[in-house]
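The values are calculated or read from the model by the stated rules, or taken from the named source; none is laboratory data. Keep in mind it's a predicted model, so treat the numbers as computed, not measured. All Cβ positions, glycine included, derive from the backbone under ideal geometry; neighbour counts span all protein chains shown. Surface areas here come from the heavy atoms of the whole protein model, side chains and all, with no ligands, DNA or RNA. Shrake-Rupley method; radii C 1.70, N 1.55, O 1.52, S 1.80 Å.
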Amino acid sequence: MPQISRRQTLWGLGLGTAGALILPEAGHGKGRYALRAGAVATADEPSAEIGVQILEAGGNAVDAAVAIGFALAVSYPEAGNIGGGGFMTLVMKGKPYFLDYRETAPAKSTADMYLNAQGDVRAGSTVIGNLAAGTPGTVAGLFAAHRRFGKLSWARVVTPAIRLARDGFTPPAQMIKIYREAYGELGRDTNLGNYFGAMAEGKTFTQPELAKTLEAIARRGPAGFYQGQVARQLVAQMSRGSEKGLISLFDLERYRPVWRPALTSSWQGYGVVSAPPPSSGGIALLQLLGMKEARADLFKGVSHNSADYIHLLAELEKRVFADRAVYLGDPDFVEVPVARLLAADYIKARAKDVQAEFPSPTAQIQPGLEKPQTTHFSVVDSDGNAVSNTYTLNGWYGSGVVVEGAGFLLNNEMDDFSAKPGVANQYGVVGGDANAIQPFKRPLSSMTPTILTQNGVPAMVLGSPGGSRIITTVFQVLLNALDYKMSLKMAVDAPRYHHQLLPENTIFTEPYAPASDDLRRELERRGYSIEAQNYNGEIAAIQVLDGAPIVAPDPRARGAGRVTQGAFGH
Ligand code: GLY
């Protein structure tokens, strides 16, 4: 029986507004943004424990985030990664930052690389095997964040993951279930089973090759991944199996993460800091929050999660996904009209024709001017620094390809490009030319790592996996917590609904909270189809109330949170 520490009992309570965690003896961190404690919210127990240990050892939010990122690559191999990429939104000493370490298309990529002789997308080619993988960004990204803001040594923040890979952990039942599902899809065409087939409940699972790769990264930084033996192993993997891949030593050598201006705005007295392109997430979230505010008249008296409410959210979402399909892509390759898409007048005009009862015809929602499996973690330290990080292999276990000798999985992020304009990707979202494949381009994303602040102090740090569902998941949890003033636990636990323009007038429900018969009937009367999707999102959120961080792990998966035992992490 594991020992229950004070930290564990604190997060287990899932305290809300009324029971905000106060640590009067602990004192404050330092400076004008100080909090009463640090906290982490992650996708699993091992990474949460490692994150909070780093904070308690004097590391800051970035040190903890980097340690969690590497730990999840070991304990949460279905989405945690070093062979994928992601986005990190940060608030450091009150200032917003954004780090894009999204994968890039290899140099030899072409716009029609997934099409057959008939011009159709070859089944499975964008998601299974070597060709589905983009050049990974995670190691370079975590290194860049650490180099700019970290306090502890690089080796100190990578070492806990090395131990986890070398000494092993016991896979929980949920992890084994996900592995079996992924194996059913990917196993026949990849070497996935050779690496993860031995996982069994109650049995220690070790990853010695991955431990060696992490040791090289700890010793040499990004050069331990993008150059030398690991790089050669990755490139050698490209020519194994039936589908040859494109990643070359040149691609690896050339990969660079990008610091971009964070998307910032304000909403209901909070500063909002979120992800700019090549994510669609931040723009979509701000459009949704703005449209909801613009049509407050329609929401008056409407009960939360009623048929009226779900319909109104779908109306807003329809408009946002129409814009996403046309305007959004990698800003280094296409001009994304960010200012115009976020202009108050534009948002008001988009919201103007929202229908109060019945869905607007899908064909009329033209743009006014894109696997739900990713993972998110949030960290605050007691100096008031915050990190909101979403990173991904794209689908569970990515492309299914493990780099032999190096022990890590490769992403299938190329599926986030539009392989053929108008053809839906694995999330069912369509894209156009702005998101067409080009060498070195980053595929459009929905990842929405977000931080809300009050006078520069973090008020909420959140994000979720879910592909296109990420946007509507973050939107709904923000509304629940801050608009509807629910406790963080209630806000996270509440059922979530999703609409994304296509399929037409379809509302997706989660296995966690299927629609009741009454709700289904009422939405069907309005012309919606209710589709029970086989996927739950998973919010990893920290809320700060009266200077005290609160965590409330999402009941949908194996998320975990910890609050430090004092004002550590500064
Ligand atoms: N691969 C999921 C996303 O980037 O949105």
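Things worth noting here:
- Qualifying strands (runs of 3 or more DSSP E) (wholly inside the stretch 510-570; at least 1 residues being open to solvent by less than 10 Å² (accessible area, probe 1.4 Å) and touching a helix residue (DSSP H, G or I) at 6+ places or on another chain (Cβ under 7 Å)): 548-551, 560-563
- The stretch 365-417, residues that are under 30 Å from residue 31 (Cβ atoms), more than 15 Å from the chain's Cα centre (by Cα) and either modelled with pLDDT under 95 or β-branched (Val, Ile, Thr) (or both): 380
Yes or no, residue by residue, for (1) open to solvent by less than 20 Å² (accessible area, probe 1.4 Å); (2) of a type in the set (Ser, Thr, Tyr); (3) away from the ligand (no atom under 16 Å from the Cβ); (4) in a helix (DSSP H, G or I):
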{"site": "285", "(1), (2), (3), (4)": "yes, no, no, yes"}
{"site": "298", "(1), (2), (3), (4)": "no, no, yes, yes"}
{"site": "313", "(1), (2), (3), (4)": "yes, no, yes, yes"}
{"site": "351", "(1), (2), (3), (4)": "yes, no, yes, yes"}
{"site": "354", "(1), (2), (3), (4)": "yes, no, yes, no"}
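- Candidates 209, 215, 243, 253: the one that is closer than 16 Å to residue 400 by Cα and open to solvent by 20 Å² or more (accessible area, probe 1.4 Å) is 243.
- Members of the stretch 453-481 that are in a strand (DSSP E or B) and within 23 Å of residue 395 (Cα to Cα): 462
- Qualifying residue in the stretch 488-504 (condition: open to solvent by 10 Å² or more (accessible area, probe 1.4 Å), in a loop (DSSP other than H, G, I, E, B), more than 16 Å from the ligand (Cβ to nearest atom) and over 20 Å from residue 310 (Cα atoms)): no
Here's the yes/no breakdown for (1) within 16 Å of the ligand (Cβ to nearest atom); (2) under 25 Å from residue 122 (Cβ atoms); (3) out of contact with any strand residue (DSSP E or B) (no Cβ under 7 Å at 6 or more places or on another chain); (4) not small (Gly, Ala, Ser):
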{"site": "421", "(1), (2), (3), (4)": "no, yes, yes, yes"}
{"site": "441", "(1), (2), (3), (4)": "yes, yes, no, yes"}
{"site": "460", "(1), (2), (3), (4)": "no, no, no, yes"}
{"site": "463", "(1), (2), (3), (4)": "yes, no, no, no"}
{"site": "481", "(1), (2), (3), (4)": "no, no, no, no"}
{"site": "486", "(1), (2), (3), (4)": "no, no, yes, yes"}
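- Helices (runs of 4 or more DSSP H) contained in the stretch 118-224 and holding at least 3 residues at pLDDT 95 or above and in contact with a strand residue (DSSP E or B) (Cβ under 8 Å, 6 or more places away or on another chain): 138-149, 192-196
- Here residue 330 fulfils each of the conditions (1) surrounded by 21 or more Cβ atoms within 10 Å (Cβ to Cβ); (2) charged (D, E, K, R); (3) over 19 Å from the mean Cα position of the chain (by Cα) apart from (3).
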